[in-house]
Amino acid sequence: MTIAFTFPGQGSQSVGMGKVLAETFPEAKAVFDEVDDALGQKLSDVMWNGPDDTLTLTANAQPALMAVSLATMRVLEARGLDLKSSVAFVAGHSLGEYSALAAAGSLDIATTARLLRVRGDAMQNAVPVGVGAMAALLGLDFDVAVEVAQEASQGEVCQAANDNAPGQVVVSGHLAAVERAVEIAKAKGARRAIMLPVSAPFHCSLMAPAADAMSDALANAEINVPVVPLVANVLAEPITDPTEIRSRLVEQVTGTVRWRESILWLAGQGVDTFVEVGTGKVLSGMVRRIHKEATGLSVNTSEDIDALLAKIGG
């Protein structure tokens, strides 16, 4: 069994996430306290009690999802998991890349929380509300989705933002261009093409101001060599050099999340078990669509933690 740990991105958040972990394990509670202290805000209260629309705000959802992932990691480690000896690679979907780096010791938790607060604010503020949009194109291969985006742009921005799984591509850009992409995709045989309820057009060139903000923030962040390689979103290949990690995190703000390719690359290296660390099961579902022989596990409860440790130990 060769394992990769994966870390979820925005959209996996839900009110109540991490609460039982914090109540059950002091190691988990310590992570939530550390994130609260780093942000100067009781983010844990928002996570556990809502309201949902406050948790869903990009500036809250991003550090909150990281906190749950790292709380889960700390419990696993306290119970005997050694990441370096048990796991071959880490990867994260969009903001999950920061969680992956923190899990691998490249970033400390407080720094990661502050970076994600900057990232969330910067991404939200990069484009005025109503100017941008995103849409999911279902049932089209990535190359066709790229053609759809190019045809729809007509002088505006429309790019493939997320290559999530076979037949599951998200496009991002100006509202009118994304609306055109939905209609063009339907004409090209998409099974479904739907506008997404998001607050900004992530992972396209409209996010350039956010990329600049992250360049400034990351320039001052201490980044260590991760104990296991990170498979980067924008490369679908592993990196370990702190200078390259810094530059790829900036590039990621406007670049395509190459998740399908990342999972296929990992499978090509012999990874057969993908463990989603944190809340939700989005990535585990994608893994099974990308690589049918792979095992996709979600670890976010005490029972999940016990099952994973038994599997690794066995």
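Determine the gain in length on full extension of the stretch V15-D306; use 0.36 nm per residue of separation and subtract their C-alpha separation, reporting nm with one decimal. Walk me through the numbers before you get to the answer.
On the way: separation 291, 0.36 × 291 = 104.76 nm, distance 2.36 nm.
Fully extending the segment from V15 to D306 adds 102.4 nm.
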Seminar exercise, completed: Taking Lys and Arg as +1 and Asp and Glu as -1, residues besides T112 with C-beta under 12 Å from its C-beta add up to -1
Problem set entry | Orientation-averaged projected area, Cα convex hull of the chain (nm²) | 14.6
Problem set entry | Cross-link reach list, lysines versus K281, counting only Cα pairs under 18 Å and skipping chain neighbours closer than eight places | K19, K292
For this session: Let me know the shape class of the range 75-221, please: from the alpha-carbon gyration tensor, a ≥ b ≥ c as square roots of the eigenvalues, rounded when a/c is under 1.5, otherwise prolate if a/b is greater than b/c, or oblate.
Result: oblate
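Rounded, prolate or oblate: which fits the range 171-314 when a ≥ b ≥ c are the square roots of the eigenvalues of the alpha-carbon gyration tensor, with rounded for a/c under 1.5 and prolate only if a/b beats b/c?
Numbers: a/c = 2.03, a/b = 1.21, b/c = 1.68.
Verdict is oblate for the range 171-314.
Can you tell me which of 192-200, 100-108 comes out highest on packing, and rank the rest after it, using the mean Cβ neighbours within 10 Å? Let's see the in-between values first.
Numbers: 192-200: 15.8, 100-108: 24.3.
Answer by packing, highest mean first, reads 100-108, 192-200.
What full-extension length gain, to one decimal in nm, is calculated for V227 and A110 as 0.36 nm per residue of separation minus the Cα-Cα distance? Mind dumping the intermediate values first?
On the way: separation 117, 0.36 × 117 = 42.12 nm, distance 1.85 nm.
This chain segment gains 40.3 nm when fully extended.
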For this session: Identify the residues of the range 6-48 with backbone N under 13 Å of a label point that sits 7 angstrom from the Cα of D121 along the Cα-to-Cβ direction, or state none.
Result: 39-41
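I need the shape label for the range 149-206. Rule: rounded when a/c is under 1.5, else prolate if a/b > b/c, else oblate, with a, b, c from the alpha carbon gyration tensor.
Numbers: a/c = 1.59, a/b = 1.17, b/c = 1.36.
Here the range 149-206 falls in the oblate category.
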Exercise. When ligands, DNA and RNA are left out and all protein chains stay put, how many square angstrom of accessible area per residue does the range 1-87 have with a 1.4 Å probe?
Worked result: 39
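Run the numbers for A176 and N49: contour at 0.36 nm per residue of separation, minus the present Cα-Cα distance, in nm. Each step should come with its number before you reach the end.
Values: separation 127, 0.36 × 127 = 45.72 nm, distance 3.64 nm.
That pair, A176 and N49, stretches by 42.1 nm at full extension.
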Exercise. Can you tell which of A100, P238, A133 lies farthest toward the positive end of the dipole of the range 97-239, using +1 and -1 charges on the Cβ of basic and acidic side chains (Lys, Arg; Asp, Glu)?
Worked result: A133
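The values are calculated or read from the model by the stated rules, or taken from the named source; none is laboratory data. Only a predicted model underlies this, so the values are computations on that prediction, with no experimental measurement involved. A quick note on method: Cβ atoms are made from the backbone with ideal geometry, for glycine too, and the neighbour counts reach across all protein chains shown. Remember, those area values only see protein heavy atoms, side chains included, never the ligands or the DNA or RNA. Shrake-Rupley method; radii C 1.70, N 1.55, O 1.52, S 1.80 Å.
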